[in-house]
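Read through the structure below, which is laid out as structure tokens, and then see the notes.
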Amino acid sequence: MSDPYQVQPPAAPYAPQPPLPGQYAPYAGGVEINGKAVAALVCGLVFLASPLGIMGLAFGKTAQRQIDAGMGIGRPLAKAGRVLGWVSVGFTIFWALYVVLAMTLFFTAATAVSTTY
């Protein structure tokens, strides 16, 4: 004989009802794309030829760590952001060297002209 005041196990939940004709099925949630991976790609593209492109590099590395920890998907986006970040760093170094070289040549020419008179 069982105790009538015993706690009963919960009943199985009802299955979801199918949609009515003309309606869409409810959205089944899935894995979300990592927001930092998207930010890495956007920063890499927008700031490609500026020193701010390093933000794509930083967001990409952070996104890859989060994706490895199981926090969303988007590894190709993070990788593209990191690559574009490195390209931005390369452009920044190139233009910095170009400006230094141009200034050196300009001042060398200016001193050469001023000493000849």
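A few remarks follow.
Each row is one residue, and each column tells you yes or no for (1) assigned to a helix (DSSP H, G or I); (2) more than 10 Å from the chain's Cα centre (by Cα); (3) more than 28 Å from Lys36 (Cα to Cα); (4) of a type in the set (Asp, Glu).
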site	(1), (2), (3), (4)
Gly56	yes, no, no, no
Thr62	yes, no, no, no
Ile67	yes, yes, no, no
Lys79	yes, no, no, no
Gly90	yes, yes, no, no
Ala96	yes, yes, yes, no
Thr104	yes, yes, yes, no
Ser114	yes, yes, yes, no
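- Condition check for Gly72: free of Cβ contacts under 8 Å to residues at least 60 places away in the same chain, on the phi < 0 side of the Ramachandran plot and not charged (D, E, K, R): no
- The stretch 1-51, residues that are part of a loop (DSSP other than H, G, I, E, B), surrounded by 10 or more Cβ atoms within 10 Å (Cβ to Cβ) and either modelled with pLDDT under 75 or of a type in the set (Gly, Ala, Ser) (or both): Pro19, Ala49, Ser50
- Given (1) in contact with a helix residue (DSSP H, G or I) (Cβ under 6 Å, 6 or more places away or on another chain); (2) surrounded by 15 or more Cβ atoms within 10 Å (Cβ to Cβ), number of the condition Gln66 does not satisfy: (1)
- Identity of the residue in the stretch 75-95, touching a helix residue (DSSP H, G or I) at 6+ places or on another chain (Cβ under 9 Å) and among the aliphatic types (A, V, I, L, M), that ends up farthest from Leu57 (Cα to Cα): Leu77
- Residue match in the stretch 108-116 (condition: without any contact (Cβ under 8 Å) to a residue 40 or more places away in the chain, out of contact with any Cys (no Cβ under 8 Å at 6 or more places or on another chain), surrounded by 10 or more Cβ atoms within 10 Å (Cβ to Cβ) and of a type in the set (A, V, I, L, M, F, W, C)): yes
The values are calculated or read from the model by the stated rules, or taken from the named source; none is laboratory data. Only a predicted model underlies this, so the values are computations on that prediction, with no experimental measurement involved. Neighbour counts are summed over all protein chains in view; Cβ atoms, including those assigned to glycine, are modelled from backbone coordinates with ideal geometry.
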